[in-house]
Structures are given as structure tokens and as C-alpha cells.
Amino acid sequence: MRGKMWIFSSADHSKYVLSIWNQWCLYYAAVVCLLLSPIRAEDACPYSCTCARDSGTVTCGDGEDTEVPGDIPEWTSTFILKGGNISTLQRGAFTTNGTELEMTTLSLPFNGIQAIEPYAFLGLPRLHLLDLSHNQLESISARAFHGLPELRSLFLNHSVLPCAAAQLSNALSAQSLRNLHRLELAGNKLKSIPLSRFDIYNLHVLVLINNSIESIGWENVTNLYQQRRMRVYLSLNPFRCTCELEAFYYWLKNSSQCPDAGSLLCREPEARRGIPVEKLRGEDVDCMNENLEAVSYVFLGLVLALIGVVFLMVLYLNRGGIKRWLNNIREACRDQMEVYHYRYEQDSDPRLANVAV
């Protein structure tokens with residue numbers, strides 16, 4: 001009985017040792033596989049980029065890539081790409097394997113971007129800030145900013161070329177920008193506000209500094225009156241201080257929606273160059289006075305023309321009498337000249353007259 005018990009205990013001990021050995025083998029095998037296996041896509045950092053997972057920031061720059069990195073980590077909240085050579089933002093350029101990113105800030109300045117295709121920012125439903133400043137946009141799709149329902153700030157400073165100004169207006173009319181709070185369009189040589197309506201946005205700040213705006217019409221001024229919370233920055237624009245500026249002038253005088261109103265200067269006409277717009281007098285931009293003055297000159301011209309026509313008609317109707325009168329004058333002049341000629345012949349030599357005496 002004791003021998004049997006001893007044999008049984010030895011078998012159990014062998015099985016136990018074998019089990020421990022198998023577990024250690026499996027453990028070492030798992031460690032080796034983990035060390036040799038590639039890093040997971042969601043943890044990888046794109047080539048030539050710097051990643052800081054604690055802050056959720058991925059910074060890429062000074063590369064020669066011609067497109068947006070396709071392996072952006074899913075944990076990225078702030079993505080900064082600067083100094084690239086990206087000519088076109090293609091559809092879904094920021095979608096990683098068809099999954100949406102948690103990104104809230106996207107900064108793409110100085111990348112030479114020339115075109116934005118439809119749905120280029122698809123897959124970024126939580127994006128709050130988009131910076132496309134200092135690029136060279138020639139083509140902007142009307143659906144370029146679709147899929148950004150949470151966008152609060154859009155920066156397009158020094159980016160929009162003149163050929164894309166009209167396209168920008170269509171792109172900004174997207175319903176997906178209804179929560180837009182801040183829009184910056186400084187330094188784009190815009191000649192008008194590229195927003196046909198303001199009520200579809202939730203705009204608080206509109207920056208139009210350093211453009212080519214000469215005047216702001218009645219329609220835009222009416223929209224500005226309705227959006228009392230909006231602040232518009234308009235300095236460094238070449239305002240033409242004539243009658244066309246009347247509506248904008250009175251809005252500037254009666255509203256506090258333009259924080260830099262004191263720095264708005266007239267560029268034309270020459271007599272008002274350098275004068276602050278808000279320092280103008282009402283009669284300087286009074287359309288009624290200018291219209292009355294124009295009408296006065298037109299009326300004077302019509303009166304003079306009528307007098308000229310009447311004079312010509314009188315001459316035409318009395319052409320027979322005028323002709324006889326002219327003939328009579330000519331005959332009288334001829335007779336008088338003959339008398340002078342005869343006297344000249346008689347008195348041509350005064351010495352002959354002395355000899356005759």
C-alpha cells in the first residue's frame with residue numbers, strides 16, 4: 001500500500017513539473033512574439049512626424065510628402081502638418097482605414113495646397129478648428145467643407161487666389177458650417193464679403209483685414225444689422241468714399257460691430273485719401289446730393305441743346321431773308337471799296353497835285 005502510494009505521488013509530481021515547464025514555454029513564446037510582432041496601427045507614429053500621446057498631438061513638417069500621411073493614429077486630437085508639398089486635398093484624405101478620427105484641431109499651413117476636392121475632410125466629425133492659411137488655393141469644391149458639423153473656427157488667411165474667390169462663396173454656403181463661430185479671410189484680395197447670407201451661420205467673428213474691398217452694399221449691411229453679435233474686422237481695405245458707401249458709412253457710425261472702425265481709411269477719391277471713414281461728413285456720402293447735382297448738369301445740357309436747336313431752326317426758316325441781307329451788305333461793301341479805289345487813283349502821287357496847282 002505504501003509502495004503504491006509512493007508510485008502515485010511520483011507520477012503526480014512529474015505531471016506537475018511538466019505543466020510548469022509548458023507554462024514557462026508558452027510565456028516565453030508570447031514574449032518573443034510580442035517583441036517580433038509589428039506595432040499596432042493605432043499606436044504607430046507616421047514617418048517624419050513627432051507624436052505625443054499624452055497630449056494627443058501629432059506634428060509633421062519639413063518633409064517631401066505630396067499627400068497627407070495615411071497612418072494617423074486614432075488617438076490623435078491635434079494634427080499639425082507644415083511645410084509639405086501637398087497640391088491637392090483628396091476625398092477622405094484624413095480617413096484611416098475607413099474609421100473616423102477623434103481629431104479636434106487640424107492645422108495645414110504652408111503646404112502649397114492648390115485644390116480641395118469634395119468631402120476632403122470626411123471622417124472628422126468632431127473637428128473644431130481648421131487652419132488652411134498660407135496656401136495657394138486655386139480650386140475649392142462647393143462640398144469641400146461637408147462633413148464638419150462641429151467646426152467652430154476656419155482660418156483661410158493668405159490662401160485664396162483671385163480665381164478661387166467665387167468658388168469660396170459656394171463652399172462657405174455649406175449647411176455643415178452652421179456652427180461656425182470664427183472665420184478669418186485676411187490677405188486674400190477679396191473685393192466683397194464672400195458670404196451671401198449670415199443667418200445660416202453662428203458667426204461671432206469675421207476677419208476681412210487686408211483685402212481689396214472698396215465698398216459694402218445695402219444687402220450686406222442689412223445682414224450685419226440683423227447679426228448684432230457678429231464682430232467684423234475690416235482694416236487695411238481701400239475704401240472708395242463716394243455715394244456707394246452711404247449704407248456702410250451709417251452702419252459704421254451707428255453700430256459697434258466693427259472694433260477696428262477707427263483704422264478704416266479712404267483710398268478714393270484723391271481729395272479724401274487717408275481720411276478715416278467714420279470722420280466723413282454725411283454730405284460726403286449723400287447719394288441724394290450727388291444725384292441732384294448730376295441731374296442739374298444733365299438739365300443744363302438739355303436746355304443748351306434746346307436753345308441751339310431753336311437757333312438753327314430760326315436760321316433755316318429765314319434763310320431767304322438772310323441771304324438777301326448778306327447780298328445787300330456785300331453790294332454796299334463793293335460800292336464803298338470802288339469809291340476808295342477811285343480816290344486812291346486820283347491821289348496816288350501828291351507831287352502831281354502840287355504841279356497842277
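The values are calculated or read from the model by the stated rules, or taken from the named source; none is laboratory data. Keep in mind that this is a model prediction, so the values were computed, not measured. Positions of Cβ are backbone-derived with ideal geometry, glycine not excepted, and every protein chain shown enters the neighbour counts.
Listed by first and then second residue, the pairs with beta-carbon distance under 7 Å, at least 6 apart or on different chains, first residue in the stretch 179-196 and surrounded by fewer than 19 Cβ atoms within 10 Å (Cβ to Cβ), second hydroxyl-bearing (Ser, Thr, Tyr) and assigned to a loop (DSSP other than H, G, I, E, B), are LYS189/SER212; LYS191/SER212; SER196/SER173.
Scanning the stretch 310-357 for residues that are aromatic (Phe, Trp, Tyr), loosely packed, with under 10 Cβ neighbours inside 10 Å and at pLDDT 75 or above turns up just one, TYR316. Within the stretch 64-92, restricting attention to residues that are surrounded by 21 or more Cβ atoms within 10 Å (Cβ to Cβ) and under 18 Å from GLU150 (Cα atoms), the residue that is modelled with the highest pLDDT is PHE79. Selection of the stretch 208-219 for residues being surrounded by 20 or more Cβ atoms within 10 Å (Cβ to Cβ) and either under 15 Å from GLN257 (Cα atoms) or charged (D, E, K, R) (or both) yields LEU208, ILE216.
Residues to consider are CYS258, CYS287; find the one that is modelled with pLDDT under 85 and surrounded by 13 or more Cβ atoms within 10 Å (Cβ to Cβ).
On the way: CYS258 fails: modelled with pLDDT under 85.
Checking each option against the conditions leaves just CYS287.
Cβ-Cβ distances below 9 Å connect the following pairs, each with a first residue in the stretch 59-77 that is within 14 Å of ILE113 (Cα to Cα), a second residue that is hydroxyl-bearing (Ser, Thr, Tyr) and modelled with pLDDT under 90, and a separation of six or more residues or different chains: GLU64/SER48; ASP65/TYR47; ASP65/SER48.
Cβ separations smaller than 7 Å between residues 6+ apart or across chains give the following pairs from the stretch 241-252 residues that are under 16 Å from SER212 (Cβ atoms) to residues that are among the acidic types (Asp, Glu) and in a helix (DSSP H, G or I): CYS241/ASP284.
To keep it simple, each residue is scored yes or no on (1) touching a helix residue (DSSP H, G or I) at 6+ places or on another chain (Cβ under 6 Å); (2) modelled with pLDDT of 60 or more; (3) outside any strand (DSSP E or B).
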position	(1), (2), (3)
TRP21	no, no, yes
TYR27	no, yes, yes
CYS45	no, yes, yes
VAL58	no, yes, no
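For the stretch 102-134, the candidate set comprises residues that are part of a strand (DSSP E or B) and more than 18 Å from the chain's Cα centre (by Cα); within that set, the residue that is surrounded by the most Cβ atoms within 10 Å (Cβ to Cβ) is LEU106.
How many residues are of a type in the set (S, T, N, Q), assigned to a loop (DSSP other than H, G, I, E, B) and surrounded by fewer than 20 Cβ atoms within 10 Å (Cβ to Cβ) if we restrict to the stretch 225-255? Looking only at that region, the number is 4. Taken over the stretch 135-151, the criterion of being under 20 Å from SER77 (Cα atoms) and surrounded by fewer than 17 Cβ atoms within 10 Å (Cβ to Cβ) is satisfied by PRO149, GLU150.
For the structure I just gave you, tell me whether ILE200 is surrounded by fewer than 20 Cβ atoms within 10 Å (Cβ to Cβ), in a loop (DSSP other than H, G, I, E, B) and among the aliphatic types (A, V, I, L, M). Answer is yes for this residue. Taken over the stretch 78-99, the criterion of being within 16 Å of ILE113 (Cα to Cα) and in contact with a Ser or Thr (Cβ under 8 Å, 6 or more places away or on another chain) is satisfied by ILE80, LEU81, LYS82, GLY84, ASN85, ILE86, SER87. Residues of the stretch 146-170 that are over 17 Å from ASN111 (Cβ atoms) and either in a loop (DSSP other than H, G, I, E, B) or touching a Phe, Trp or Tyr at 6+ places or on another chain (Cβ under 6 Å) (or both): HIS146, GLY147, LEU148, PRO149, GLU150, LEU151, ARG152.
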